[in-house]
1. Restricting to region 87-119, name every residue that is more than 16 Å from ligand 1 (Cβ to nearest atom) and either part of a helix (DSSP H, G or I) or hydroxyl-bearing (S, T, Y) (or both).
2. Check I63, I20 and return the single one that is within 20 Å of A127 (Cβ to Cβ) and either loosely packed, with under 15 Cβ neighbours inside 10 Å or in contact with a helix residue (DSSP H, G or I) (Cβ under 7 Å, 6 or more places away or on another chain) (or both).
3. What's the total number of residues in region 194-241 that are in a helix (DSSP H, G or I) and either more than 17 Å from the chain's Cα centre (by Cα) or not basic (K, R) (or both)?
4. Filter region 107-165 for residues that are acidic (D, E) and touching an Asp or Glu at 6+ places or on another chain (Cβ under 8 Å) and give the result.
5. Return the only residue of Y434, Y445 being more than 9 Å from ligand 1 (Cβ to nearest atom) and in contact with a Lys or Arg (Cβ under 8 Å, 6 or more places away or on another chain).
6. Here are the criteria: (1) more than 9 Å from ligand 2 (Cβ to nearest atom); (2) under 24 Å from the mean Cα position of the chain (by Cα); (3) not aromatic (F, W, Y). Tell me which single one L107 does not satisfy.
7. If we only count strands (runs of 3 or more DSSP E) wholly inside region 386-496, which ones have 1 or more residues that are small (G, A, S) and over 30 Å from A84 (Cβ atoms)?
8. Give all pairs with beta carbons closer than 6 Å in which a residue from region 293-307 that is without any contact (Cβ under 8 Å) to a residue 40 or more places away in the chain meets a residue that is among the basic types (K, R); count only pairs at least 6 apart in sequence or on separate chains.
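Laboratory data are not the source of any read-out in this text; all were calculated from the coordinates shown. Note that the structure is a prediction, hence the values are computed from the model and not measured. FYI the Cβ positions are ideal-geometry reconstructions off the backbone, even for glycines, and counts take in every protein chain you see.
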Amino acid sequence: MGKPTGFLEFEREASKYRSIDERKKDYQEVEQKYSKEQTHEQAARCMDCGIPFCHNGCPLGNIIPEFNDAVYEENWKQAYEILASTNNFPEFTGRICPAPCESSCVLGINKPPVAIEYIEKSIIERAYEEGWVVASPPSVRTGKNIAVVGSGPAGMAASAQLNKAGHTVTLFERADQIGGLVRYGIPDFKLNKDIIDRRIAVMEEEGVIFKTNTNVGVDITSEQLERDFDAVVLTGGSTVPRDLNIPGRELKGVHFAMEFLSQQNKRVADTKGIKVDFSVDHQGAKYQNGDLSAKGKNVVVIGGGDTGSDCVGTSNRHGAKAIYQIEIMPMPPKERAESTPWPMWPMQLRTSTSHKEGCDRDWQINTKEFVGDENGNLKALKLVNIEWVKDNGRMTMKEIPGTEKEVPCELALLAAGFLHPQQEGLLNDLGVEYDQRGNINAPKYQTSNEKIFAAGDMRRGQSLVVWAISEGREAARAVDQYLMGESFLEAKAVSMISPSYLGV
Ligand SMILES: Cc1cc2nc3c(=O)[nH]c(=O)nc-3n(C[C@H](O)[C@H](O)[C@H](O)COP(=O)(O)OP(=O)(O)OC[C@H]3O[C@@H](n4cnc5c(N)ncnc54)[C@H](O)[C@@H]3O)c2cc1C
Ligand code: SF4
């Protein structure tokens, strides 16, 4: 373990942020660069508690006490190797993972938990700086061809793992850039897109073939896919947004959050000289709604999650007049809810860096109508306060009489989540089965068609980057087993017992 008394000596100190005044003026990452000294001290706080719940809290099974110990011992290369053995893209998770590992850290029972995400980011950034992240192409090719459809973190992880096993992998993407929602959903101020490009360069050198602007199901038919490839992994994400079909939905100024966010990410790419196509949306479809901007507008963000928070941060950078974020569910408790005790992922209020940059937030608010002017432009939102009451054992929404109000609004952004993947086209043509929520039914990653596998949001529904990477890795292993009869790709570690506790 690190320093036996580290957790008594040092306070938790995680990522530091640029000042709000400074960061609101640009789209650079809000987090500052890591410091070696700080990471060393933070790693010393890990108690190597014997039963590392953090390791189980991480969907990837990251071997956290071991990499903490390696950092404390100044053996950064070993720390990188431990981290890379379970996580293909720590540079993504080290920046934007909500860190369920930290919620299950044993130190977190009565003290602030170990700053695991910060340590993870420090390890991978140091590894890039030192030149340890290099292409490692397989020494033998199996002769098997695999198509991966969709280049988000699930598709990228599946491709990296299948390529490592010696298969020839083609990763298809219908948008003009690789990365899925990490590229066109998550803003640059949370994750700079050079971080994705840096990784793609390594994967290309390892032999993964990337094909953008290719809408599988249209440009390549499902028959071609099945004929030309030995296996297919579907990683197309959960792409159908939840709409709000209330009066005024057709007004100019009501948009899905993803239209707004992806356009901004394209603008940032454009300023760096990257060739992006503004005539298509983040999914490669013809884009009709012109240039979206929050400048000088009253913005209402409908939906209280990550996507909504990203809309707040982006609107502030555009120079919005006022930003109001509303959520239909009750406000979560400020501290961990009793219903989610340690080591569970806590239900509690989360305040992002974007929220801190300025916005009003409100809960238990329902939107009744988008109100327009005589030219069909949005000018206000009709809102009402609601309460949740039990009716026949089910929680039901009830309006509070007399609370109806109109708030000025020229830009309304719908950030109420995603329903399921797009079924028409490729998925229906392939004849895959769906689960009750409309996601692909593939309990062990293999679909009802034995050659076709699925992973990420397309299989588990709207989720997190860390889960997408985990699913991509697991699906790759299932494909490898299907094609070769066995697989030497790393299996996800599920043990609750630390190898160091067992003395191995
Ligand atoms: C605005 C926003 C912010 C978020 N912030 C966070 C965060 O801070 N932290 C976090 O952990 N998670 C966050 N998430 C969630 C996270 O981004 C997703 O869970 C994750 O990206 C899912 O990965 P995926 O690979 O399954 O799918 P996606 O990332 O959705 O990628 C799917 C890709 O498949 C492509 N595709 C689909 N169909 C086809 C086809 N027929 N042919 C070719 N290509 C196709 C799509 O164009 C897309 O590029 C956020 C999501 C959003 C929308
Ligand atoms: S990937 Fe997320 S959950 Fe796993 S160790 Fe990193 S921050 Fe924690």
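1. S104, V106, L107, G108, I109, I119
2. Going through I63, I20 in turn, the sole match is I63.
3. Counting residues in region 194-241 that are in a helix (DSSP H, G or I) and either more than 17 Å from the chain's Cα centre (by Cα) or not basic (K, R) (or both) gives 19.
4. Of everything in region 107-165, those that are acidic (D, E) and touching an Asp or Glu at 6+ places or on another chain (Cβ under 8 Å) turn out to be E117, E125.
5. So the residue among Y434, Y445 that is more than 9 Å from ligand 1 (Cβ to nearest atom) and in contact with a Lys or Arg (Cβ under 8 Å, 6 or more places away or on another chain) is Y445.
6. Every condition holds for L107 apart from (2).
7. In region 386-496, the matching strands (runs of 3 or more DSSP E) lie at 411-414.
8. Taking only residues 6 or more apart or on different chains, the pairs are G296/K321.
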